[in-house]
């Protein structure tokens with residue numbers, strides 16, 4: 001698979017317009033995808049893109065390790081304050097806003113990292129921690145703290161789960 005095909009779902013998420021590489025949010029995802037693409041194909045190219053990626057992580061105040069598993073169609077709406085644990089798994093078509101933490105719980109029955117499903121919208125200030133599973137088609141409202149499993153087709157506000165078949169319609 002060529003890199004052009006590899007990056008296509010992310011590009012489509014942004015509308016596929018020319019010039020999107022000038023948007024810092026897309027540029028960050030683009031360079032992360034370069035690291036992923038070259039990781040197993042060519043170590044020298046991987047190291048080159050990894051160095052550039054490190055520069056952009058600092059520039060945009062985003063800590064998403066190059067080895068983090070993030071599905072296709074990933075979109076960052078707003079730059080800054082995003083932290084994702086390298087062991088967390090994000091599904092396809094995940095949209096994330098600024099000041100989001102997806103992290104690890106180190107002790108107790110929820111020790112581990114989250115697994116996030118497909119078509120998930122994570123609003124600003126959300127904190128998702130522990131070995132939990134976020135289902136598909138889930139909207140997580142701003143400033144929510146989640147350390148519990150969330151079923152498919154849900155909206156999470158604070159610590160309340162509201163079933164909704166159209167949770168991410170218009171968002172993702």
Within region 110-129, backbone nitrogen closer than 12 Å to the virtual label 7 Å beyond the Cα of residue 147 toward Cβ
110-112, 128-129
Antiparallel content of DSSP bridges confined to region 3-163, in %, to 5
15 percent
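Calculated FRET efficiency, residue 164 and residue 89, Cβ-Cβ r, R0 22 Å, to nearest 0.05? Please report the intermediate quantities before stating the final value.
Details: r = 24 Å, r/R0 = 1.07.
Step by step, r from the Cβ atoms, then E = 0.40.
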Evaluate the distance, in nm, between pseudo-label points positioned 7 Å from the Cα of residue 21 and of residue 56 along their respective Cα→Cβ axes.
1.1 nm
Could you work out the mean projected area of the convex hull around the alpha carbons of region 84-172, in square nanometres to one decimal?
4.9 nm²
Specify the angular offset, from 0 to 90 degrees and rounded to the nearest 10, of the alpha carbon long axis of helix 24-39 from the longest principal axis of the alpha carbons in the chain.
70 degrees
I need 165, 152 ordered by Cβ neighbour count within 10 Å, fewest first.
165, 152
Ranked output for segments 33-43, 80-90, 18-28, 112-122 by mean other Cβ atoms within 10 Å, highest leading, reads 112-122, 80-90, 33-43, 18-28
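Read-outs: derived from the displayed coordinates by stated rules, not from any lab. Note that the structure is predicted; figures quoted are calculated from it, not measured. Quick reminder, even Gly has a Cβ in these numbers, built from the backbone with ideal geometry, and neighbours come from all protein chains shown.
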